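These notes concern the structure reproduced below.
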Amino acid sequence: MKKLIICALCAICGFTTANAQGKFGHVNTQEVMQAMPEFTKAQNEIKALQDQYEADLKSMQDELQKKGEAFDKEQANLPENIKQRRQQELQDMYTKIQQSYQDNQQALQKASQEKMQAIQTKILDAIKAVGQAGQYVYIMENNSLPYISTTLSTDITAQVKAKLGLK
């Protein structure tokens, strides 16, 4: 995602022409994101959803365990057809739990991506606005580069935060 932001900013901000001296900027999007109330809210919502899914699975597992223990106690006294039916019921419950786990993981991942995409889009729009207003040629993510010269590149993290109304 960071590379996508960098590429988009390079394309949007444009390139300098022959004699023009360009301005370069860098930004810490993680710092910006963590300062956003939307990020905290999204994390809390995702955590609540995860807790709900875990509670549902726990309930299903507890029910399976109870039925399994009851079956173990009485299976010696059951006719073969009832024994087979209950074994199939237990197997079906186990399969349902596995499927629910997979469905929950996919739903959790989708919810997380949707919430984060909105936040990342908001940050990217703020970076673009700061870049255009400040006439920057490039704005790069400082965490994705091995080295950034702070004398040749301006840290615009504070400007992006201000654009988003953050402290």
Out of GLN87, GLN98, GLN113, GLN109, which single residue is free of Cβ contacts under 8 Å to residues at least 40 places away in the same chain, in contact with a Phe, Trp or Tyr (Cβ under 8 Å, 6 or more places away or on another chain) and of a type in the set (S, T, N, Q)?
GLN87
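To keep it simple, each residue is scored yes or no on (1) loosely packed, with under 12 Cβ neighbours inside 10 Å; (2) modelled with pLDDT of 95 or more; (3) assigned to a helix (DSSP H, G or I).
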{"residue": "LEU9", "(1), (2), (3)": "no, no, yes"}
{"residue": "PHE24", "(1), (2), (3)": "no, no, no"}
{"residue": "VAL32", "(1), (2), (3)": "no, yes, yes"}
{"residue": "LYS47", "(1), (2), (3)": "yes, yes, yes"}
{"residue": "LYS58", "(1), (2), (3)": "yes, yes, yes"}
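Only one of GLN120, GLN109, GLN102 is part of a helix (DSSP H, G or I), more than 30 Å from ASP62 (Cα to Cα) and polar (S, T, N, Q). Can you tell me which?
GLN120
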Note on ILE139: of the conditions (1) in a helix (DSSP H, G or I); (2) in contact with a helix residue (DSSP H, G or I) (Cβ under 9 Å, 6 or more places away or on another chain), unmet is (1)
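Condition first: touching an Asp or Glu at 6+ places or on another chain (Cβ under 8 Å), at pLDDT 95 or above and among the polar types (S, T, N, Q). Can you find one or more residues in the range 96-104 that meet it?
Scanning the range 96-104, I find at least one residue that is touching an Asp or Glu at 6+ places or on another chain (Cβ under 8 Å), at pLDDT 95 or above and among the polar types (S, T, N, Q), so the answer is yes.
The values are calculated or read from the model by the stated rules, or taken from the named source; none is laboratory data. Treat the numbers as computed from the prediction; the structure is a model and nothing was measured. For neighbour counting, all protein chains shown are included, and Cβ atoms are generated from backbone atoms with ideal geometry for every residue, glycine included.
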